[in-house]
Amino acid sequence: MAAVNRVYAARLAGMVVLGPDGESIGRVRDVVISLSIVRQQPRVLGLVVELLTRRRIFVPILRVTAIEPGSVTLATGSVSLRRFAQRPGEVLVLGQVLETRVRVDDPDLEQLAGIDVVVVDLGIEQTRTRDWVVTRVA
């Protein structure tokens, strides 16, 4: 199957994570992004992967070779088995962003002015430099 360069974060939940040899490593449990006031688009830092032993680890997004409709493939089978710990400035998309009530303040969306809406998904896209950034909010 063909790899994609744009995907919605909620669809990654539960996807199988494969090593370069096709062996299952675990499943995606969350997507880690960094929010910054200076930058316009939040960057995707990596994935929280739950191993078969129920331990959750962090896999940097640059280790991801392909995101296919049924799986995420890593470039290397060598990953840090250190337990995932959230750092300052990091946000978990599925755990902290989705189902959040926000108020839209965009002059292009006058019909939503002053109305609280709920974030249901974030679209992430790969750039030419292989970085992943948040490009859409649903």
Single residue of segment 1-17 satisfying the filter (in a strand (DSSP E or B) and farther than 12 Å from TRP132 by Cβ) that is least open to solvent (accessible area, probe 1.4 Å): VAL17
Index of the failed condition, LEU81 passing every other in (1) under 19 Å from GLN126 (Cα atoms); (2) of a type outside the set (Val, Ile, Thr); (3) open to solvent by 90 Å² or more (accessible area, probe 1.4 Å): (1)
Residue selected from segment 3-36 under the condition more than 14 Å from the chain's Cα centre (by Cα) and not hydrophobic (A, V, I, L, M, F, W, C), by the criterion nearest to LEU122 (Cα to Cα): SER36
Members of segment 30-44 found to be in a strand (DSSP E or B) and surrounded by fewer than 20 Cβ atoms within 10 Å (Cβ to Cβ), listed by number: SER34, ARG43
Of residues in segment 72-105 being of a type in the set (Asp, Glu) and touching a strand residue (DSSP E or B) at 6+ places or on another chain (Cβ under 9 Å), the one nearest to ILE37 (Cα to Cα): GLU90
Checking GLN86 against (1) part of a strand (DSSP E or B); (2) open to solvent by 50 Å² or more (accessible area, probe 1.4 Å), the condition it does not meet: (1)
Candidates PRO69, PRO20 - the one that is assigned to a loop (DSSP other than H, G, I, E, B), over 27 Å from PRO88 (Cα atoms) and touching a strand residue (DSSP E or B) at 6+ places or on another chain (Cβ under 7 Å): PRO20
Cross-chain or 6+ apart pairs with Cβ under 7 Å, segment 110-130 first and over 25 Å from GLU99 (Cβ atoms), then part of a loop (DSSP other than H, G, I, E, B): GLN126/ASN5
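The values are calculated or read from the model by the stated rules, or taken from the named source; none is laboratory data. All values reported here derive from a predicted model rather than from experimental measurement. Please note: Cβ atoms are built from the backbone with ideal geometry, for glycine as well, and neighbour counts cover all protein chains shown. SASA here: full protein model, heavy atoms, side chains in, ligands and nucleic acids out. Shrake-Rupley method; radii C 1.70, N 1.55, O 1.52, S 1.80 Å.
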